[in-house]
Amino acid sequence: MLFNELVIVFDNLSKTSKRLELTEILSNFFKKLKCEEIGFITLLCMGKIFPASEGKELGMASNLMIDAIALASGSEKNEVKKQWNIYGDIGETAKKCMSKKKQVSLIIKELSIKELKEVLYKLPEISGKGSSDLKLKLVSKLLSMTDSLGAMYLTRIMIGSMRTGVGQGVIRDALAKAFNAKPEDVERAYNLCADYSIVASKVCSNPELIINPKIILFSPINMMLFLKAQSVKEAFERVGRPARIEVKYDGMRAQIHKKDNEIQIFTRNLDNVSNQFPDAIQLVKECVTANTIIFECEIVGFSPKTNKPLAFQFLSKRIKRKYEIETAIKEIPIKMFCFDLLLLDDKNYLDEKFIDRHEALKKSINENNNIMLAKGIITKEDSEAEKLFNEGIKEQEGVMFKSLIAPYSPGARVGHGVKLKSHMKELDLVITEAYYGKGRRKDWFGSFTLSCYDTENDKYLTIGKLGTGFSDEQLKEMNELVKKSIISKDDEKVILSPNIVVEVEYEEIQKSPTYSSGYALRFPRLVRIRYDKKPDEASNLFMIDELK
Ligand code: AMP
């Protein structure tokens, strides 16, 4: 298939925001595709290049893109920058510059999807001396193999700012419709591998394949999520009595896949962080007795000096670190607190009761000081639960209440477990705009628009502005993250693709016409940047309606 055929579909998608129409366009398109190409094309339609589990990023900075547009269109770099300032959107800039291209005859050969995939998958592998030049050459060649509209979409794909409005729900329904499958079956298959490129290839080649989907080792399972409770009583009401109550550790959720000596670690975002945590891998090698297993744990950073748990911010440095891993291990050693089992020796445990999953997990681990089961009790008494909660909030975040009889439901925020935290006035929100500072700080982003997720429409709705609570280091980090997500800009602010999730504390939620969610947060302040959360996992409108 040629890239330009896909561009026509992108363009049709961009003309509507109605879910049914988006689904119709895509399902008609999917029917025409070959099963070997549908996987990658599905990712592109969602504005992605790699499935999250591969842990790859294109890392295409706006500056490199500007250079590539200049090279491909034969324009001066300053001219491209000027256009960017006028249009405020780098995709539009590419379109404009390419349409004015001086050497009109330069489309040597039309870009195919296969070639596009080859180049996009090669880019992150390029490193070392001369790598920027090589990347620049490859990207500008791609741009010159398509027309100006193609260049616009190509640019948006590469800087991660495709806005086709196609979320997971639309993909699920379009695949189901195209291949006569049930949307629930498509969704279940997705939750077991968390990768729509795999699901699309399977359902295309044989829709029966997704009816009883199997767990695939080393392809992460979408994690089960927990609801919030406000009190011990409410928590018991949700999960039933007796329940298992466990300390809620403040770390990184990890899903560990092991087959013999091969071990991989996935975050809640399904990123593969195995390279960053060789110490965790070693612990699993030494202490987990099962040959084949998938289990979940919380990885917590500890101070090497005091042996006390460190706040998540410290551990998050390890998640991002790509080099000098050995030093990082010494600076922030970890412990693993295990709490759920998904697969053991080729037996799928998802439909087993939690109490049985927990028992089997316990038998599979030789616990020691560094890897152990999450501390917990089974009780039906409020008083015992309160006691553990008080212990839980002293050193960690609170407690989890878990139903003893519930299955593991991948990808679902069901009430099989609930969390009870100390201060409940927190939300996870997405940064969708950043404002330039004033005076001396005019080159620096100092305040940020917060948005919640509108699950129904796969949109982000504004709910407040965040300008306080930052340490210098956090502000620097935010600035770096913002720069990577810019879609368009004006004199006052930049619009961002929704990538950055932050945990925010606030005083109150009020109704307000100022923001598109219809609510405004009073006095929001930053608690931390949530690298471990996907934007569509941010607090949603429904949760905010409930809190109000
Ligand atoms: P939150 O991040 O506030 O949505 O809370 C849910 C998270 O708590 C999970 O994704 C885990 O990372 C974390 N967690 C910490 N301790 C436990 C535990 N004992 N059981 C389950 N999840 C836990």
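The values are calculated or read from the model by the stated rules, or taken from the named source; none is laboratory data. Note that the structure is a prediction, hence the values are computed from the model and not measured. All Cβ positions, glycine included, derive from the backbone under ideal geometry; neighbour counts span all protein chains shown. Calculation scope for accessible area: heavy atoms of the full protein, side chains included, ligands and nucleic acids excluded. Shrake-Rupley method; radii C 1.70, N 1.55, O 1.52, S 1.80 Å.
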message: Output the 0 to 90 degree angle, nearest 10, between the alpha-carbon long axis of helix 183-193 and the longest principal axis computed from the alpha carbons of the chain.
response: 80
task: With label points built 7 Å along Cα→Cβ from the Cα atoms of Lys233 and Glu326, find their separation and express it in nm.
output: 5.8
message: Charges at C-beta only: +1 for Lys and Arg, -1 for Asp and Glu. How large is the resulting dipole of the chain about its Cα centre, in Debye rounded to 20?
response: 1180
field: the chain: calculated mean residue ellipticity at 222 nm from DSSP helix runs of at least 4, using -39500 (n - 2.57)
entry: -12000 deg cm²/dmol
DSSP-assigned coil residues among trypsin sites (Lys or Arg not before Pro) in segment 234-307, each with at most 14 further Cβ atoms within 10 Å: Lys305
- prompt: Taking only the alpha-carbon positions of segment 404-533 and ignoring solvent, what does the Debye formula give for the base-10 log of I(q)/I(0) at q = 0.16, 0.19, 0.22 Å⁻¹?
  reply: -0.86, -1.14, -1.41
- request: Mind checking the per residue accessible area of the chain for me, 1.4 Å probe, whole number of Å²?
  value: 46
message: For the pairs Lys96/Lys483; Lys320/Lys465; Lys77/Lys100; Lys214/Lys258; Lys114/Lys177, flag any whose C-alpha to C-alpha distance is greater than 18 Å.
response: Lys96/Lys483; Lys320/Lys465; Lys114/Lys177
- prompt: When all C-alpha to C-alpha distances in segment 225-421 are sorted into bins of 5 Å, what percent of pairs does each bin hold, rounded to whole numbers?
  reply: 1, 8, 16, 20, 20, 17, 11, 6, 1, 0
task: With no solvent and one equal point scatterer per Cα, compute the Debye intensity ratio I(q)/I(0) for the chain at 0.05 Å⁻¹ and report its log10, rounded to two decimals.
output: -0.22
- prompt: If you build the Cα gyration tensor of segment 48-159 and take the root of 5 times each eigenvalue, what three semi-axes come out, in whole angstrom, biggest first?
  reply: 22, 15, 14
- request: Let me know the charge dipole size of segment 275-398 about its Cα centre in debye, to the nearest 20, where only the beta-carbon of Lys, Arg (+1) and Asp, Glu (-1) is charged.
  value: 620
query: Is there a pair in Lys18/Lys459; Lys285/Lys534; Lys308/Lys353; Lys56/Lys135 whose C-alpha atoms are over 24 Å apart, and which pairs would that be?
result: Lys285/Lys534; Lys308/Lys353
- prompt: What percentage of the solvent-accessible surface of the chain, computed with a 1.4 Å probe over protein heavy atoms, is contributed by carbon and sulfur atoms?
  reply: 49
message: Students sometimes get this wrong: rank Lys34, Lys394, Lys48 by accessible area, probe 1.4 Å, all chains present, largest first.
response: Lys394, Lys34, Lys48
field: Relative contact order of the chain, pairs being alpha-carbon contacts under 8 Å that are 6 or more residues apart, as %
entry: 14
message: Need the C-alpha centroid separation for segment 363-433 versus segment 149-179, integer Å.
response: 36
query: Based on Cβ point charges of +1 for Lys and Arg and -1 for Asp and Glu, what charge dipole magnitude is obtained for segment 110-172 about its Cα centre, in debye rounded to the nearest 20?
result: 200
- prompt: chymotrypsin sites (Phe, Trp or Tyr not before Pro) within segment 445-491: which are DSSP loop residues with at most 15 other Cβ atoms inside 10 Å?
  reply: none
C-alpha center-to-center spacing [segment 477-507, segment 277-292] in angstrom: 38
- prompt: With each label point set 7 Å from Cα along the Cα-Cβ vector, what nm distance links Asn85 and Glu386?
  reply: 6.5
query: Once Lys and Arg get +1 and Asp and Glu get -1 on their Cβ, which of Met478, Gly150, Ile332 lies farthest toward the positive end of the dipole of the chain?
result: Gly150
